[in-house]
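Below is one structure; the comments refer to it alone.
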Amino acid sequence: MSKFTHVIKRSGAIVPFKRERVMNAIYRSAVSVGGRDKETAEKLADKVIEVMEASFPDGHMPHIEEIQDVVEKVLIKHGHSTVAKEYILYRDERTRAREEDAKHASRPSEVIPWAKIWRVLNWAVKYKLNTIESMNERIRNGEFPQIVHESERRYNEQIYQASEMIIERKDKLKMVFISGPSSSGKTTTTLKLEQRLNDAGLKFRALIVDNYFHDLEMHPKDEFGDYDFETPQALDLEMIDNHLTRLAAGEEVKIPYYDFKTGTQYPDRTPMHLEDDEILLIDSLHGLYPKMSEDIPNDQKFKLYLEPLMQMKDADDNYVQWTDIRLIRRMLRDSVHRAYNPQQTLEHWHYVRASELRNIIPYINTADYIVNSAMPYELPLYRSRMFHLFEEWKDKYKGDAVRVDSHKRANRVYNMLKQVEPIKDDSPVPHDSVLREFIGGSSLKY
């Protein structure tokens, strides 16, 4: 039992000290460089606590920075310099990110698709959907069905444009990646794109990347003890790259099978071979992540990226945040299809977001085409479905030092949704809409 009971966070909040958090931080860094030895991570965590107890006087409440300093020293001292480097790099990334947030840096971000965003904003202004109030005015005028029609038409135009680009490259293409962060609409987009390309005479084979998950016991955990399925290192990236390379070369591979009930991967289960006229279709969070397909020439792969790039301001001149749209989408989908409490989704979202910022967002500009999956009309539907929950959560987490992120998100979404004119009737929404992936009632077979 450690003599330390609490730790001071960077915000100044005081939270319980947990050995598991130290161990998980070490293990996550090890996983990032290919290591999966939990027993060693646990021993190193114990060494960290030993050093802390020897270095700090009785009654001392360590700051998170002090603990991280000790972790670095222990990793290096015990011969884990590669893991230490990854730990230091990640720590430095987070420090720089906080500094940038504090400065409100005005220089353009290299990971934001500015040209695409300008086109989205231009479209929103044209249809008076660039502010919540202008959208509300149209709704009050009885134009909700028209807003749905305009939004769906724009989304489908993008699917058409992407399909045309793929058709132009069909002679060399071996695979199409459909990527994007959680709840960006990958599944529906994959189905609609496949349908469009099938109509044009192309043949596809789907590769289910989830079958490449490592066994559950090998996954890193977050600070609350939840297994992390969001990081690309949860997947056997080396096996995926090897299989993709062999498939592109015309070889047969045996795809593994992952049993989510037991958290076990069974290798060499399903034979797969690409015919000369077939293209591999891959729907994955991490389709842009370099190590997933690093040995595949760029001219053999087409990378499509999705994000709800909504360009709409609230009454306080703040843009609706894309991550908030996806958070609500995932809450609705998880509660309907996965029996997952929306509150659990909120509590876990900080971790989803951290993984996106590190493993997905940095590679946006490597995509061949970007689809904006935002539907301005989804906000009025969310107001009638979810507003009462965010109102409850903003009060529930207020003052909770452990759930600061949950409170921040709940409060922000509450303040945004309270400005939106609610709509209960979703009948104007087409049954093959990307939004049906989340609110239910889709005619597509997922």
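Values in this text are rule-based calculations from the coordinates and carry no lab data. Small disclaimer: the values here were computed from a predicted structure and weren't measured. Glycine also receives a Cβ, built like all others from the backbone with ideal geometry; neighbour counts cover every protein chain displayed.
Database remark: amide H of LEU306 closer than 5 angstrom to the amide H of SER179, GLY180, VAL371 (H placed geometrically; neighbours at sequence offset of 5 or more, or on other chains; Pro and chain starts carry no H). Which of ILE325, ILE439, ILE423 has the fewest other C-beta atoms within 10 Å, and how do the rest follow up to the most? Ascending Cβ contact count within 10 Å gives the list ILE439, ILE423, ILE325. The mean sequence separation of alpha-carbon pairs under 8 Å and at least six residues apart, normalised by the residue count of the chain, gives a relative contact order of 18 percent. Taken along the Cα-to-beta-carbon direction at a fixed 7 Å, the label points for ASP259 and LYS291 span 2.7 nm. Amide H to amide H, with H built 1.01 Å from N, VAL7 comes under 5 Å of VAL15, PHE17, counting only residues 5 or more places away or on other chains. A P(r) calculated from all alpha carbon pairs of the chain, with 20 Å bins opening at zero, reads 22, 54, 23, 1 percent. Under a cut-off of 24 Å between alpha-carbon atoms, report the lysines in cross-link reach of LYS203, not counting same-chain residues fewer than 8 places apart. Candidates past the 8-residue exclusion: LYS170, LYS172, LYS174, LYS186, LYS192, LYS254, LYS301, LYS303, LYS445. When shorter helices are ignored and each DSSP H run of at least 4 residues is given -39500 (n - 2.57), the per-residue value for the chain at 222 nm works out to -15500 deg cm²/dmol. Karplus-based coupling profile of the range 429-446, in residue order and whole Hz: 6, x, 6, 10, 5, 4, 5, 5, 4, 10, 8, x, x, 6, 8, 7, 9, 8, with θ = phi - 60° in 6.51 cos²θ - 1.76 cosθ + 1.60 and x standing for Gly or Pro. Model label sites at ILE208 and SER2, defined 7 Å from Cα along the beta-carbon direction, differ in position by 4.0 nm.
Across the cross-link table entries LYS128/LYS408; LYS9/LYS394; LYS38/LYS408, which are compared at the Cα atoms, the separations over 26 Å belong to LYS128/LYS408; LYS38/LYS408. Spatial offset of the range 383-442 relative to the range 45-94 amounts to 39 Å, using the alpha carbon center of each.
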